[in-house]
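Notes follow once the structure below has been shown.
The values are calculated or read from the model by the stated rules, or taken from the named source; none is laboratory data. Just so it is clear, the structure is predicted and the values come from calculations on it, not from any experiment. With ideal geometry, Cβ positions are generated from the backbone for all residues, glycine too; neighbour counts draw on all protein chains shown.
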Amino acid sequence: MQLLLDADAFLCLRKISLLKCLVGSQKINLVMTSYVARHELNAVKPDIDSLVQAAKLTIAGVKLGTSEFRQYRVFQRTHDKGEAEAIAWAVTHRSPELFFVSQDAGALRLAKNENIPHGNVARLGVELARWGIVSEAKVSTLFAPCYQNLNACGHGCPGSL
């Protein structure tokens, strides 16, 4: 399974320690676009660099002059650079194994409009259990603060899980 992470999703996964589970799984490939990795997540650059060096995270870019870049420019008219680049990359690298993760409703709507499998971090937790990658018990433990106090756990959780 290939997980394309938006900045907010990466930060949330990192905070609830689900990122550690994903990095430890042989069944998961983490992908992030270059704008997200190098600009939106600049504050956690050492973490990003460490994952890249350990071959646990791939940084994917959209190259100038390609159809992917033209798609990015279209998406950028209505979405921020990180979301536009991620969805343009996903459209070009479409696969049954690809799942886009974001906490941003606009980014998720764009993914839906482009028929990219997608979800927020809570949905990812459900899917990871369904795919047999993380046990339901582990997902419940990691998300316990979210279930106990929605939107106040500090994980950027949406209003309903």
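Pick out the one residue from K45, K27 that is closer than 16 Å to L13 by Cα and of a type in the set (K, R).
Working: K27 fails: closer than 16 Å to L13 by Cα.
None of the others qualify; the one that does is K45.
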So which pairs qualify, if the first residue must be in the stretch 16-42 and of a type in the set (A, V, I, L, M), the second must be exposed (fewer than 15 other Cβ atoms within 10 Å of the Cβ) and part of a loop (DSSP other than H, G, I, E, B), the Cβ gap must be under 8 Å, and the two must be at least 6 apart or on different chains? V23/A54
(1) hydroxyl-bearing (S, T, Y); (2) within 28 Å of F143 (Cβ to Cβ); (3) buried (at least 20 other Cβ atoms within 10 Å of the Cβ): which one isn't true of Y35, the others all being true? (2)
Give me the residue from the stretch 88-104 that is free of Cβ contacts under 8 Å to residues at least 40 places away in the same chain and either touching a Lys or Arg at 6+ places or on another chain (Cβ under 8 Å) or over 12 Å from L4 (Cα atoms) (or both) and, out of that set, surrounded by the fewest Cβ atoms within 10 Å (Cβ to Cβ). P96
Among the candidates A90, A137, A129, which residue alone is more than 18 Å from the chain's Cα centre (by Cα) and of a type in the set (A, V, I, L, M)? A137
The stretch 52-68 - residue that is touching a helix residue (DSSP H, G or I) at 6+ places or on another chain (Cβ under 7 Å) and surrounded by 15 or more Cβ atoms within 10 Å (Cβ to Cβ) and, of those, modelled with the lowest pLDDT: E68
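Yes/no matrix, rows are residues, columns are (1) under 21 Å from L18 (Cβ atoms); (2) at pLDDT 95 or above; (3) in contact with an Asp or Glu (Cβ under 6 Å, 6 or more places away or on another chain):
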position	(1), (2), (3)
D49	yes, yes, no
D80	no, no, no
V126	yes, no, no
A137	yes, no, no
H155	yes, no, no
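Give the number of residues within the stretch 117-133 that are crowded, with 22+ Cβ neighbours inside 10 Å and not in a helix (DSSP H, G or I). Show your work before the answer.
Within the stretch 117-133, the subset crowded, with 22+ Cβ neighbours inside 10 Å is 118, 120-121, 124-125, 128.
Subset that is not in a helix (DSSP H, G or I): 118, 120.
So the count comes out to 2.
Which ones in the stretch 57-110 are among the aliphatic types (A, V, I, L, M) and farther than 15 Å from M32 by Cα?
Within the stretch 57-110, the subset among the aliphatic types (A, V, I, L, M) is 57, 59-60, 62, 64, 74, 84, 86-88, 90-91, 98, 101, 105, 107-108, 110.
If the condition is that a residue be among the aliphatic types (A, V, I, L, M) and farther than 15 Å from M32 by Cα, then L64, V74, A105, L108, L110 are the ones that fit.
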Matching residues in the stretch 103-116 (of a type outside the set (D, E, K, R) and in a loop (DSSP other than H, G, I, E, B)) number 3
Within the group S95, S50, which residue is assigned to a helix (DSSP H, G or I) and polar (S, T, N, Q)? S50
Whether any residue in the stretch 11-25 is on the phi < 0 side of the Ramachandran plot, surrounded by fewer than 19 Cβ atoms within 10 Å (Cβ to Cβ) and among the β-branched types (V, I, T) is what I want to check. yes
